[in-house]
Amino acid sequence: MKKLIYAIPLILSIFCFSCRDNSPIQKVVSDYRSGTISDDSLLAYVSDSVRVKETFDWASRHHYKDEIAAWFLGRAYKFGLGVDRDPLKAKAYYISACEKGNGNAMNGLAQIYMAYPGQENLDSAFYWFNKAASHGNPDAYFYLSGIEMVRDVQNGLPIDTAKFIEYLQKGVSLNSPKCCLTMAALYYSGEDNIKADKVKAFNLIRIVPKDKLDNEGNYLLGNMYELGEGTNQSFNIALSYYKKSAKQGNTDAMCKLGNFYQFGKGVEQNDSLAFLQYNKAANAGNSWGQRCVAICYKNGIGTKKDIGVAYSWYKTAAKGGDSEAIKYCETNKIDY
């Protein structure tokens, strides 16, 4: 009997060791908890298509006690990662993770309440974004500023720009990419009681890691380098940012690329590539690009000259509100 009693701890330790989860997902979650890897690295790893099922299986085994597992399941049902989208299940798992103090889940839950069809509730979104902000999610301040603005509009009140900017500045102080980009745009154009300051705009954008720049951020940087606003002028650098923005779907950036190729700004002059970029933007519904395509057909730039096709594109651009196309149609008595 004594030998059996002495053996019990050893048996239990062996049993516990055999039950320990040694999966790659568990390893990367442990690294995340220890601070070895960031949120972005964690999400990049578990969101890889080859690991979606493995992540879901791991989360399903651990979600009762692990807030990260519950967060993963909320994301899976929100975005359809390995399962069908289901906002109700997403909310349930997010709430479970929120109750365990997961700030990322708070942010995810708030986004469902803010914009998921059939689940919209601005008050709940505002509550959970506030909770996410208090748990260290800096981008939550960006959404809080937006909700404040929407509330004012819905209530027929003038937008409280001071409150709007206050939230953004809180996010900027924490290096929130979304808040930095929004404040940069405000400083660039001088809107909402903010005096235009190109240097401040440039410095704010430069805070944002390159992989966090969205199509608008890349486009604005391209514009600033092209015009030498807030920084030294460089067509080569401007071109690189326009390319990134265009790749992200920004049709104005496609037009800029067309312009650079057409006039040889920072790149070898190439009418064919200019027309290609204009055409991409035009077919995506960009009226500026439609006018540029019209000009190309009118003058045979990068494509065969065709006045009839040119007129058709001028009409399309005019209908889309392009002022130069409208002026051309009216001068040439083209009904649009």
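Just checking the listed ones, Gly103, Gly82, Gly289: in the Gaussian network model of the chain with Cα springs under 10 Å, the one fluctuating most is Gly82.
Normalised by residue number, the volume inside the convex hull of the Cα atoms of the stretch 242-336 is 81 Å³ per residue. Computed from Cα positions, the angle between helix 2-19 and the longest principal axis of the chain comes to roughly 10 degrees.
Shape index of the stretch 28-121: Rg/Rh, with Rg the Cα radius of gyration and Rh the Kirkwood radius from the inverse mean 1/r over Cα pairs, equals 0.95. A simple rule links phi to the HN-Hα coupling: the Karplus curve 6.51 cos²θ - 1.76 cosθ + 1.60 with θ = phi - 60°, which for the stretch 228-239 gives x, 9, x, 7, 6, 5, 7, 5, 5, 5, 4, 4 Hz, with x for Gly and Pro. To the nearest ten degrees, helix 215-227 and the longest principal axis of the Cα atoms of the chain are 40 degrees apart. With all protein chains in place and a 1.4 Å probe, the accessible surface of the stretch 20-168 carries 52 percent carbon and sulfur. Which residue, chosen from Asn203, Ser240, Thr331, occupies the Cα position most advanced towards the positive end of the dipole of the stretch 192-336, where the dipole is computed from +1 (Lys, Arg) and -1 (Asp, Glu) charges on Cβ about the Cα centre? The residue sitting most towards the positive pole is Ser240. Comparing Thr251, Thr303, Thr182, which has the greatest mean-square fluctuation in the GNM of the chain with Cα pairs linked when under 10 Å apart? Of Thr251, Thr303, Thr182, the most mobile in the Gaussian network model is Thr303. Over the Cα atoms of the chain, the radius of gyration divided by the Kirkwood radius equals 1.12; this is the Rg/Rh ratio. Counting only DSSP H runs of at least 4 residues, each contributing -39500 (n - 2.57), and dividing by the residue count of the chain, the helix-based mean residue ellipticity at 222 nm comes to -22000 deg cm²/dmol.
For the chain, modelled as a GNM whose springs connect Cα atoms under 10 angstrom apart, the maximal fluctuation among Gly217, Gly230, Gly285 occurs at Gly285. Principal-axis analysis of the Cα atoms of the chain puts helix 140-154 at an angle of about 60° to the longest axis. Of the residues Leu73, Leu276, ranked by 1.4 Å probe accessible area with the largest first, the sequence reads Leu276, Leu73.
Ranked by solvent-accessible area (1.4 Å probe, protein heavy atoms only, all chains present), the residues Trp58, Trp288 order from largest to smallest as Trp288, Trp58. Convex hull volume of the Cα atoms of the stretch 97-252, normalised per residue: 127 Å³.
The alpha carbon centroids of the stretch 128-150 and the stretch 305-336 are separated by 45 Å.
Couplings for the stretch 159-170, taken from phi via the Karplus curve 6.51 cos²θ - 1.76 cosθ + 1.60 with θ = phi - 60°, read 5, 7, 5, 5, 5, 4, 6, 4, 5, 4, 5, 5 Hz in order; Gly and Pro are left as x. Surface composition of the stretch 234-295: carbon and sulfur atoms hold 49% of the protein heavy-atom accessible area at a 1.4 Å probe.
The values are calculated or read from the model by the stated rules, or taken from the named source; none is laboratory data. Just so we're clear, the structure is a prediction, and the values are computed from it rather than from any experiment. Quick reminder, even Gly has a Cβ in these numbers, built from the backbone with ideal geometry, and neighbours come from all protein chains shown. Accessible surface is based on the protein model in full, side chains and every heavy atom, while ligands, DNA and RNA are left aside. Shrake-Rupley method; radii C 1.70, N 1.55, O 1.52, S 1.80 Å.
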